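Undergrad: If you scroll down you'll find the structure; I have some questions about it.
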Amino acid sequence: MKILITGATGLIGTELVKSLLAKNHTLNYLTTDKAKIESKSNYHGFYWNPQEGKIDENCLYEVDAIIHLAGANIAKRWTNKYKQEIIESRTLSSELLYNLIKKNHGSVKQLIAASGTAVYPESFTQVYDETTTASEDSFLSNVVKKWEESVNRFEVLNIKVCKIRTGIVLSTIGGALPVMVKPIQMGFGAPMGNGKQIQSWIHIKDLVSLYCYVVENKLEGLYNAVSPNPVTNEELTKVIAKTIHKSIWLPNIPKFVMKLILGEMSYLLFSSKNISSKKIMDKGFQFQFSKIDEAINDLY
């Protein structure tokens, strides 16, 4: 299969590229950095600039499916300017791909797009699945709504559209986990707030496997990419400490302290979402790391 990937050099994209190449798929990828363009027998780079509406149309040649991961990192301080970048990096890139496919449909049969779980309401008790229509009114929730709206347009082009709502990605090379591990390693780790907020997570290896599963089985629709066993922030903190042989002795960190340090982005540390992965499991997908202690032990 020939697959076009956006966001190929990001946290998820880097690992996904390795996995897809190991499965003998041929990959095209889009990059805004001309210095990162490579050309190998099964891995070809093409330039694009969504802000300027520029894209190398050759990127679609004989492509069967598109995996759309491009989007500015949300784990940076949310200034008003950066908030706009978070939104536009997702919507403008989708619009550019849509217009290209509309102009030159070619062989594209499926679009798989990254999305987020922030759209679900805050709750300490409710379990949310893909049929949930309620949502919260927050910056990230609104980002997800605009993100998914920009992807839904592709359905009118008679393309199978699949959206992957991803929870907290556990990886040692980026994302939330190294940020959480660092203070624990230094002896200053502690749960956030009351520590009872539920965090729906997924091991990077399982997330990559899920993307491969979706593209190879030509799935469409909405799927949650989270482990079947979410944990509280306190449980996660304790598992990390135990795995790296550190003790937790400080009192819980108040919400206002992290808001002073991180600003509005501190939302990520206190958000509580209990999200179901039953739908993708019912399609036959199996998690390699379904429990948090197994995942952290594998990573550290």
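The values are calculated or read from the model by the stated rules, or taken from the named source; none is laboratory data. Bear in mind that the values here come from a model prediction, so they are computed numbers and not experimental data. Here the Cβ is made from the backbone with ideal geometry for all residues, glycine too, and neighbour counts use every protein chain on show. What goes into the accessible areas is simple: the full protein's heavy atoms, side chains included, and nothing from ligands, DNA or RNA. Shrake-Rupley method; radii C 1.70, N 1.55, O 1.52, S 1.80 Å.
Undergrad: Kindly list the number of the only condition in (1) over 18 Å from residue 95 (Cβ atoms); (2) aliphatic (A, V, I, L, M); (3) at pLDDT 95 or above that fails for residue 184.
TA: Going through (1) over 18 Å from residue 95 (Cβ atoms); (2) aliphatic (A, V, I, L, M); (3) at pLDDT 95 or above one by one, residue 184 breaks only (3).
Undergrad: Okay, next question. Out of all the residues in the range 62-87, which are farther than 18 Å from residue 8 by Cα and not aliphatic (A, V, I, L, M)?
TA: Matches in the range 62-87: 62, 76, 77, 78, 79, 80, 81, 82, 83, 84, 85.
Undergrad: Right, next: Can you tell me how many residues within the range 146-169 are farther than 20 Å from residue 279 by Cβ and part of a helix (DSSP H, G or I)?
TA: Of the residues in that region, 7 qualify.
Undergrad: Another question about this same structure. Select from the range 93-142 the residues that are closer than 29 Å to residue 274 by Cβ, in a strand (DSSP E or B) and more than 18 Å from the chain's Cα centre (by Cα) and list them in ascending order.
TA: Correct list: 127 only.
Undergrad: Residue 218 - would you say it is of a type in the set (D, E, K, R), part of a helix (DSSP H, G or I) and either closer than 30 Å to residue 4 by Cα or free of Cβ contacts under 8 Å to residues at least 40 places away in the same chain (or both)?
TA: Spelling it out, it is not the case that residue 218 is of a type in the set (D, E, K, R), part of a helix (DSSP H, G or I) and either closer than 30 Å to residue 4 by Cα or free of Cβ contacts under 8 Å to residues at least 40 places away in the same chain (or both).
Undergrad: Give the number of residues within the range 166-203 that are touching a Gly at 6+ places or on another chain (Cβ under 9 Å) and β-branched (Val, Ile, Thr).
TA: 5
Undergrad: Now for a different question. Just give me the residues in the range 1-40 being among the polar types (S, T, N, Q) and in contact with a strand residue (DSSP E or B) (Cβ under 8 Å, 6 or more places away or on another chain), in sequence order.
TA: Those that are among the polar types (S, T, N, Q) and in contact with a strand residue (DSSP E or B) (Cβ under 8 Å, 6 or more places away or on another chain): 6, 9, 26, 28, 31, 32, 39.
Undergrad: Would the range 41-49 turn up any residue that is open to solvent by 50 Å² or more (accessible area, probe 1.4 Å), without any contact (Cβ under 8 Å) to a residue 60 or more places away in the chain, over 28 Å from residue 225 (Cβ atoms) and part of a strand (DSSP E or B)?
TA: Checked against the condition, which is being open to solvent by 50 Å² or more (accessible area, probe 1.4 Å), without any contact (Cβ under 8 Å) to a residue 60 or more places away in the chain, over 28 Å from residue 225 (Cβ atoms) and part of a strand (DSSP E or B), the range 41-49 yields at least one hit.
Undergrad: Quick one: what pairs do we get from the range 249-278, first residue closer than 17 Å to residue 139 by Cβ, second among the aliphatic types (A, V, I, L, M) and part of a loop (DSSP other than H, G, I, E, B), C-beta under 9 Å, 6+ apart or different chains?
TA: These pairs meet every condition: 265/74; 265/75; 268/74; 268/75; 273/226.
Undergrad: Just to be sure before I move on: is residue 70 in contact with a strand residue (DSSP E or B) (Cβ under 8 Å, 6 or more places away or on another chain), more than 23 Å from residue 175 (Cβ to Cβ) and either open to solvent by less than 80 Å² (accessible area, probe 1.4 Å) or of a type outside the set (A, V, I, L, M, F, W, C) (or both) in the structure I sent? Quick ask: steps written out before the conclusion?
TA: On the way: in contact with a strand residue (DSSP E or B) (Cβ under 8 Å, 6 or more places away or on another chain): yes; more than 23 Å from residue 175 (Cβ to Cβ): no; either open to solvent by less than 80 Å² (accessible area, probe 1.4 Å) or of a type outside the set (A, V, I, L, M, F, W, C) (or both): yes.
So residue 70 fails the test.
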